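What follows is one structure encoded as structure tokens, with my remarks underneath.
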Amino acid sequence: NDTLQLSLADEDATIALGRQLASSISEGAVFYMHGDLGAGKTTMTRGLVQGLGHVGNVKSPTYTLVEPYELPERLVYHFDLYRLGDPEELEFMGIRDYFSTQAVCIVEWPEKGHGYIPNPDIDVYLAYEGDARSATLKAHSERGKQLLATISS
Ligand code: ADP
Ligand code: MG
């Protein structure tokens, strides 16, 4: 199946989902993180990045649009396009070069870079559900489907 919906009771559940996905990534992967402010995009990214081997904090890049993590096994790039003005900026920073097949790229506010960033393997939609959150994951590639299969089983 291409879609998976989950309830995330608390912050730990959001981090655990990120970690679970991370543990199933073999090569690279591209995640788009959708959702309102405070929905949990950075929290889930923290789980992903830490699950891929990063020890330490994960916070959104503020002035640079991208935070790189050079981990022993792979390159991880966390983009936050919230403050992006003109999407042409992405062209100037050579955004496509970050999206190699081996890299893991996680993009918050991908809508702001529409047409300038490669397509995702998985779209993640985070939403408020009372005090908790829900996550809907949609796979768009073979790689994405395999990842979803490992967490829905
Ligand atoms: P975003 O990056 O989408 O703006 P953040 O991850 O920075 O959101 O912030 C999300 C906030 O919601 C944090 O305060 C976090 O502790 C909290 N949070 C994350 N996941 C859950 C959850 N499943 N249930 C309740 N609160 C959560
Ligand atoms: Mg964020």
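If eta is 0.890 mPa s and T is 25 °C, what Stokes-Einstein diffusion coefficient results for the chain, Kirkwood Rh from Cα pairs, in µm²/s?
The diffusion coefficient I find is 160 µm²/s.
Are there chymotrypsin sites (Phe, Trp or Tyr not before Pro) in segment 61-153 that DSSP puts in a loop and that have at most 12 other Cβ atoms within 10 Å, and which ones?
Answer in residue order: 63.
Which one, 17, 58, 32, projects farthest toward the positive side of the charge dipole computed for the chain from Cβ point charges (K/R +1, D/E -1)?
Final value for the positive-end residue is 17.
Under 5 Å between amide H atoms, partner at least 5 residues away or on a different chain: which partners does residue 8 have, H built in plane at 1.01 Å?
133, 134, 135
Springs between alpha-carbon atoms under 10 Å, Gaussian network over the chain: tell me which of 130, 85, 28 tops the mean-square fluctuations.
130
Please give the length that would be gained between residue 100 and residue 3 if that part of the chain were fully extended, namely 0.36 nm times their separation in residues minus their C-alpha to C-alpha distance (nm, one decimal).
Working: separation 97, 0.36 × 97 = 34.92 nm, distance 2.48 nm.
Gain on stretching residue 100 to residue 3: 32.4 nm.
Find, among the GluC sites (Glu not before Pro) in segment 1-102, those assigned to loop by DSSP (not H, G, I, E, B) with at most 15 other beta-carbon atoms within 10 angstrom.
27, 73
For segment 58-66, what does the Karplus curve 6.51 cos²θ - 1.76 cosθ + 1.60, with θ = phi - 60°, yield as ³J(HN,Hα) per residue in whole Hz, taken in order and with x for Gly and Pro?
Coupling constants for segment 58-66: 10, 10, 5, x, 9, 9, 9, 6, 9 Hz.
Residue separation times 0.36 nm, minus the C-alpha to C-alpha distance between residue 71 and residue 146: what's the value?
Using 0.36 nm per residue and subtracting the Cα-Cα distance, I get 24.7 nm.
Can you pull out the trypsin sites (Lys or Arg not before Pro) in segment 11-69 whose DSSP state is coil and whose Cβ has at most 13 other Cβ atoms within 10 Å?
59
Grab the Cα-Cα distance for residue 11 and residue 82, subtract it from 0.36 nm times how many residues apart they are, and report the gain in nm with one decimal.
Details: separation 71, 0.36 × 71 = 25.56 nm, distance 2.16 nm.
Result: 23.4 nm gained on full extension.
All of the numbers you see were taken from the coordinates with simple rules; none came from a lab. What you are looking at is a predicted structure, and each value in this text was computed from that prediction instead of being measured. Don't worry about glycine lacking a Cβ; one is built from the backbone with ideal geometry, like all the others, and counts go over all protein chains shown.
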